[in-house]
Amino acid sequence: MKNKQSLLAEFEKKYNKKFVCKRPFELVELDMWGNLYLCFPRCNNKSYKAGNLYEADFEDIVTSERAVEFKRSIISSEYKYCDFANCQAPDAALQLSDELLFSPEDIVYPSELRLHIDNICDVRCIMCRNEYILNSKNESKFKEILIPRIVQMCRNAKVIFMNGNGEVFFSPLAKDLILAITTEYPDVKFDFCTNGIKCTKENIHSYNLDGRIKSISFSLHAITEHTYNQIVKGGNYKKLFENINYIKTLKEKGDIESVTLNFVVTKLNYKEIPAFQKFVDDNHFSAFYSALVDNNVMNNYSDIAIKNPSEQEYKKLSAILNSDELSKSSVILDNELLEIKNNICNKRNNIFDLIIKKLSKK
């Protein structure tokens, strides 16, 4: 992988100007403990939080010495707190402007927010948690302190993502926050990641989300009911697909821009990828495939993860990932699956090169 300096040099050579990332001026992320990050936490390895929204409001946080130092490193093109290995930078789409519109001390309300409210959920996916989490902590404190401060922070918001750590349509706190935001800012749009079971027409209406969902992704991980029940404990396969079909009607009417189905690949489900992808294509959705991550909640991680190139499952998965069905623009593979796919491609290319060399010597 190219280092930070070479990437920045390539950008400057190509566009004849320095790369200045605008993400810290337009995106903030809030974790469920109230920590606020300018840009994605993964882009600085969660090591540089700007402040905590329980302890200070947004304006005080973004004008604090800590936040100003972070923004100054962006504008000066130092990027000393950035990890380009986990970021798309530098990319022309992220260029701030030919003329710097902001100073590090400015209060710039973000146009995009990522809000992780709590981790409660009505199901237990085996790759996510080893117990059911059904109740929120600090509920009264969240309502009293965070909701007003988040609403204030949303004054320039165009898109708000919720609720990456839990289930938005099961969380009373998420509902209270959404109602507060949509009452104050009726034009704001939302992105959601959901298990889909409570993503019903009735709940969408009660959350005041009619016409306010920009995109939605469903964590599905299977196409057959048997495999789904192995992975999603406490789920409801039939209700999930009823709700997906309802969301499909909203997409067909233009009320929702995009629908994505998520699939975490394991030995339990990888054989269903072709059928899963056919369902995705037939419904004009998108698909996101990711490798299983060991987050210390699975006792059988080593038994169901596909990691070893010498195993048959690895080779079969590689063949599936290299199929025409998974080479479409509607398909996104995470980096680990791309490595599995490219490993096979490289082996094929090497064999092809050897054959050409042998034939050329004859």
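Out of everything in region 57-74 that is in contact with a Leu (Cβ under 9 Å, 6 or more places away or on another chain) and farther than 16 Å from residue 113 by Cβ, what residue ends up being surrounded by the fewest Cβ atoms within 10 Å (Cβ to Cβ)?
Ranking the qualifying residues of region 57-74, first place goes to 71.
Restricting to region 271-281, and then to whatever is open to solvent by 10 Å² or more (accessible area, probe 1.4 Å) and in contact with a Lys or Arg (Cβ under 9 Å, 6 or more places away or on another chain), can you tell me which residue is farthest from residue 312 (Cα to Cα)?
Per the criteria, the residue is 281.
Inspect region 268-279 for any residue being modelled with pLDDT of 95 or more, assigned to a loop (DSSP other than H, G, I, E, B) and in contact with a helix residue (DSSP H, G or I) (Cβ under 9 Å, 6 or more places away or on another chain) and give the result as yes or no.
Scanning region 268-279, I find at least one residue that is modelled with pLDDT of 95 or more, assigned to a loop (DSSP other than H, G, I, E, B) and in contact with a helix residue (DSSP H, G or I) (Cβ under 9 Å, 6 or more places away or on another chain), so the answer is yes.
Taking the conditions exactly as written (buried (at least 21 other Cβ atoms within 10 Å of the Cβ) and either farther than 30 Å from residue 18 by Cβ or in contact (Cβ under 8 Å) with a residue 12 or more places away in the chain (or both)), does residue 94 satisfy them or not? Break it down stepwise before answering.
Working: buried (at least 21 other Cβ atoms within 10 Å of the Cβ): no; either farther than 30 Å from residue 18 by Cβ or in contact (Cβ under 8 Å) with a residue 12 or more places away in the chain (or both): yes.
Spelling it out, it is not the case that residue 94 is buried (at least 21 other Cβ atoms within 10 Å of the Cβ) and either farther than 30 Å from residue 18 by Cβ or in contact (Cβ under 8 Å) with a residue 12 or more places away in the chain (or both).
Could we say that residue 77 is of a type in the set (Gly, Ala, Ser), open to solvent by 60 Å² or more (accessible area, probe 1.4 Å) and either assigned to a loop (DSSP other than H, G, I, E, B) or closer than 18 Å to residue 116 by Cα (or both) here?
Criteria not met by residue 77.
What do you reckon, is residue 232 more than 16 Å from residue 287 (Cβ to Cβ) and touching a residue at least 40 places away in the same chain (Cβ under 8 Å)? Even if it seems obvious, please write down each step before you answer.
On the way: more than 16 Å from residue 287 (Cβ to Cβ): yes; touching a residue at least 40 places away in the same chain (Cβ under 8 Å): yes.
In short, yes.
Could you look through region 115-132, keep only residues that are more than 13 Å from residue 168 (Cα to Cα) and out of contact with any helix residue (DSSP H, G or I) (no Cβ under 9 Å at 6 or more places or on another chain), and pick out the one that is surrounded by the fewest Cβ atoms within 10 Å (Cβ to Cβ)? Talk me through it step by step, then tell me what you get.
Applying the first criterion (more than 13 Å from residue 168 (Cα to Cα)) to region 115-132 yields 124-132.
Cutting the leftovers down to out of contact with any helix residue (DSSP H, G or I) (no Cβ under 9 Å at 6 or more places or on another chain) gives us 124, 128-132.
Working: 124: 17, 128: 21, 129: 17, 130: 12, 131: 7, 132: 13.
This residue is 131.
Please indicate, with yes or no, whether at least one residue in region 293-305 is crowded, with 18+ Cβ neighbours inside 10 Å and assigned to a helix (DSSP H, G or I).
yes
Look through 170, 142 and report the one residue that is surrounded by 14 or more Cβ atoms within 10 Å (Cβ to Cβ), assigned to a loop (DSSP other than H, G, I, E, B) and not polar (S, T, N, Q).
170 is the lone residue from the list that is surrounded by 14 or more Cβ atoms within 10 Å (Cβ to Cβ), assigned to a loop (DSSP other than H, G, I, E, B) and not polar (S, T, N, Q).
Determine whether residue 218 is among the aromatic types (Phe, Trp, Tyr) and either more than 24 Å from residue 127 (Cα to Cα) or open to solvent by 10 Å² or more (accessible area, probe 1.4 Å) (or both). Working first, answer last.
Details: among the aromatic types (Phe, Trp, Tyr): yes; either more than 24 Å from residue 127 (Cα to Cα) or open to solvent by 10 Å² or more (accessible area, probe 1.4 Å) (or both): no.
Considered against the rule, which asks whether it is among the aromatic types (Phe, Trp, Tyr) and either more than 24 Å from residue 127 (Cα to Cα) or open to solvent by 10 Å² or more (accessible area, probe 1.4 Å) (or both), residue 218 comes out as no.
Among the residues of region 9-24, are any open to solvent by 60 Å² or more (accessible area, probe 1.4 Å), at positive phi and in contact (Cβ under 8 Å) with a residue 24 or more places away in the chain?
Looking through region 9-24, none of the residues is open to solvent by 60 Å² or more (accessible area, probe 1.4 Å), at positive phi and in contact (Cβ under 8 Å) with a residue 24 or more places away in the chain.
Which of the residues spanning region 80-91 are without any contact (Cβ under 8 Å) to a residue 24 or more places away in the chain and not in a loop (DSSP other than H, G, I, E, B)?
none
Would you tally the residues in region 173-189 being touching a strand residue (DSSP E or B) at 6+ places or on another chain (Cβ under 8 Å), over 18 Å from residue 121 (Cβ atoms) and open to solvent by less than 20 Å² (accessible area, probe 1.4 Å)?
Total meeting the criteria: 2.
The values are calculated or read from the model by the stated rules, or taken from the named source; none is laboratory data. Note that the coordinates shown come from a computational prediction; the quantities given were computed from them, not determined experimentally. All Cβ positions, glycine included, derive from the backbone under ideal geometry; neighbour counts span all protein chains shown. Ligands, DNA and RNA are stripped out before the accessible areas are found, and what is left, the full protein with its side chains, is counted by its heavy atoms. Shrake-Rupley method; radii C 1.70, N 1.55, O 1.52, S 1.80 Å.
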